[in-house]
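The values are calculated or read from the model by the stated rules, or taken from the named source; none is laboratory data. Please read all numbers here as calculations on a predicted model, not as lab measurements. Virtual Cβ from ideal backbone geometry, glycine too; neighbours counted across all protein chains shown.
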């Protein structure tokens, strides 16, 4: 392997799969880098594995196993949106294999939190009511929810999304502070993504001297709205 060849693991968000990273994968691979985009259990090409047992621990295991079975080291790990949850839980298991960490308009949850703790009161109530009714998944939202700029990209996302396992929102996160041990860390915020939680995480990261931050002119799906800018950031700033 060339010493200039780098390894990237890109983790998708809710309702998505590894497919969403295609524009960035194409750009990174064109420059000779190695990119892995696993799909979390129960979603997209692994939707046939959906069941009531899919929880946050399973998604954490998906990431850990991706590293172990592919013998990955010196990795730039990128988490988009919900992906910040399982990535935060996986870091304790893969810390020696990481060179840098990027949260891409993503959740940066704290020790002992679960998904309903980082939702608005209204959304948290909806999730709890769904669980009480015995529902197992969150229905797919309209693509407009992500403020995607190109109508073709929006149509592609709408056609690809699958229901999000509900169980991942009801399990407390462990060892979240392990991410602070990663030497190079960054948070990228999308300017057209209205989430107050992502705005808070961006502000928290910006206040820390060992975190890089960037504000992209983009909707929430940064890998679709700004793939060139994102690729450049990953190569130059991580």
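Against the condition in contact (Cβ under 8 Å) with a residue 24 or more places away in the chain, within 27 Å of residue 162 (Cα to Cα) and part of a strand (DSSP E or B), how does residue 66 come out, does it pass? In short, no.
Looking only at residues of the stretch 132-148 that are under 23 Å from the mean Cα position of the chain (by Cα) and closer than 21 Å to residue 57 by Cβ, we find that the one that is surrounded by the fewest Cβ atoms within 10 Å (Cβ to Cβ) is 136.
Selection of the stretch 6-27 for residues being assigned to a helix (DSSP H, G or I) and surrounded by fewer than 23 Cβ atoms within 10 Å (Cβ to Cβ) yields 18, 19, 22, 23, 25, 26, 27.
Filter the stretch 65-77 down to the residues that are more than 19 Å from residue 41 (Cβ to Cβ) and under 16 Å from the mean Cα position of the chain (by Cα), then identify the one that is surrounded by the fewest Cβ atoms within 10 Å (Cβ to Cβ). Applying the filter and picking the extreme gives 75.
Scanning the stretch 157-184 for residues that are surrounded by 17 or more Cβ atoms within 10 Å (Cβ to Cβ), out of contact with any helix residue (DSSP H, G or I) (no Cβ under 7 Å at 6 or more places or on another chain) and either assigned to a strand (DSSP E or B) or without any contact (Cβ under 8 Å) to a residue 40 or more places away in the chain (or both) yields 164, 165. On the basis of being closer than 17 Å to residue 114 by Cα and either in a helix (DSSP H, G or I) or modelled with pLDDT under 95 (or both), does residue 45 make the cut? In short, no. Of the residues making up the stretch 28-48, those that are within 19 Å of residue 231 (Cβ to Cβ) and surrounded by fewer than 17 Cβ atoms within 10 Å (Cβ to Cβ) are 29, 30, 31, 32, 34.
Scanning the stretch 196-222 for residues that are surrounded by 18 or more Cβ atoms within 10 Å (Cβ to Cβ) and in a loop (DSSP other than H, G, I, E, B) yields a total of 4.
Return the residues of the stretch 223-238 that are surrounded by fewer than 21 Cβ atoms within 10 Å (Cβ to Cβ), without any contact (Cβ under 8 Å) to a residue 24 or more places away in the chain and within 26 Å of residue 144 (Cα to Cα); say none if nothing qualifies. The answer is 229, and nothing else. Of all residues in the stretch 69-108, those satisfying the criterion of being without any contact (Cβ under 8 Å) to a residue 40 or more places away in the chain and under 14 Å from residue 36 (Cβ atoms) are 69, 70, 71, 90, 94, 97.
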